[in-house]
1. Out of all the residues in the stretch 1-44, which are touching a residue at least 60 places away in the same chain (Cβ under 8 Å), over 23 Å from residue 171 (Cα atoms) and within 20 Å of the chain's Cα centre (by Cα)?
2. Taking the stated definitions as given, is residue 52 farther than 24 Å from residue 137 by Cβ and without any contact (Cβ under 8 Å) to a residue 24 or more places away in the chain?
3. Any residue at all in the stretch 143-166 that is free of Cβ contacts under 8 Å to residues at least 24 places away in the same chain, more than 30 Å from residue 54 (Cβ to Cβ) and assigned to a loop (DSSP other than H, G, I, E, B)?
4. I'd like to verify a number: residues in the stretch 11-33 that are touching a strand residue (DSSP E or B) at 6+ places or on another chain (Cβ under 9 Å) and more than 20 Å from residue 115 (Cα to Cα), how many?
5. I'd like to verify a number: residues in the stretch 83-111 that are out of contact with any strand residue (DSSP E or B) (no Cβ under 9 Å at 6 or more places or on another chain), without any contact (Cβ under 8 Å) to a residue 60 or more places away in the chain and under 19 Å from residue 18 (Cβ atoms), how many?
6. Restricted to the stretch 45-79, and to residues that are in a loop (DSSP other than H, G, I, E, B) and more than 17 Å from the chain's Cα centre (by Cα), which residue is surrounded by the fewest Cβ atoms within 10 Å (Cβ to Cβ)?
7. For the stretch 80-108, which positions are surrounded by fewer than 18 Cβ atoms within 10 Å (Cβ to Cβ) and assigned to a strand (DSSP E or B)?
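Nothing in this text is a laboratory measurement; each read-out follows from the coordinates by a stated rule. Since this is a predicted model, take the numbers as computed values, not measurements. Note: ideal-geometry Cβ built from the backbone for every residue, glycine included; neighbour counts use all protein chains shown.
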């Protein structure tokens with residue numbers, strides 16, 4: 001597709017890659033940050049395919065054909081399939097939530113859309129790692145979903161000695177592990193920015209859209 005676009009004098013090609021090219025799931029109770037020195041080391045077929053696609057696209061870049069590669073973290077929103085939808089359903093059903101402080105890079109779908117608009121309007125080339133201005137704290141997000149659904153919630157603090165057991169489970173690493181993009185990844189992207197937001201306002205927007213969809 002990119003070769004055809006270049007042959008037909010398309011000026012810019014935007015490729016949606018993934019954070020999975022780094023092959024990390026995160027660690028519960030430990031900081032895990034991706035920076036400019038982190039190598040691509042995908043461990044899934046999805047991540048591997050994206051890595052190879054990126055390498056092929058890099059070879060097509062020229063003065064007349066710009067390629068913007070976007071490596072978003074978890075994308076979430078009212079109509080986004082995948083882990084966030086499952087998290088929403090789980091949050092509504094669980095009155096007791098483990099209180100595990102974590103930080104994960106994530107990106108609200110509306111913020112991603114605005115970021116892509118910037119890539120197009122500026123006709124840039126390069127590799128980009130957009131993320132929300134706030135980190136995704138799973139326990140806080142689950143609590144906020146329940147609060148805005150008018151459900152009472154009990155947060156249970158988890159002893160740090162359990163982290164080594166949590167880290168043996170992929171589902172816990174993905175939910176409660178720490179995995180973030182470093183600010184050093186943005187040193188050459190000063191002209192681009194993600195719309196700043198507040199977690200509670202974003203969740204409110206998602207809940208409102210979800211309610212509207214359910215009523216339709």
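1. Passing the criteria: 14, 35, 36.
2. Values: farther than 24 Å from residue 137 by Cβ: yes; without any contact (Cβ under 8 Å) to a residue 24 or more places away in the chain: yes.
In short, yes.
3. Yes, because at least one residue in the stretch 143-166 is free of Cβ contacts under 8 Å to residues at least 24 places away in the same chain, more than 30 Å from residue 54 (Cβ to Cβ) and assigned to a loop (DSSP other than H, G, I, E, B).
4. 11
5. Qualifying residue count for the region: 1.
6. First, pick out the residues of the stretch 45-79 that are in a loop (DSSP other than H, G, I, E, B): 59-61, 63-64, 71-73, 77-79.
Next cut, more than 17 Å from the chain's Cα centre (by Cα) only: 59-61, 63-64.
Numbers: 59: 9, 60: 14, 61: 15, 63: 6, 64: 9.
Step by step, filter the stretch 45-79, then rank; the result is 63.
7. 96, 98, 99
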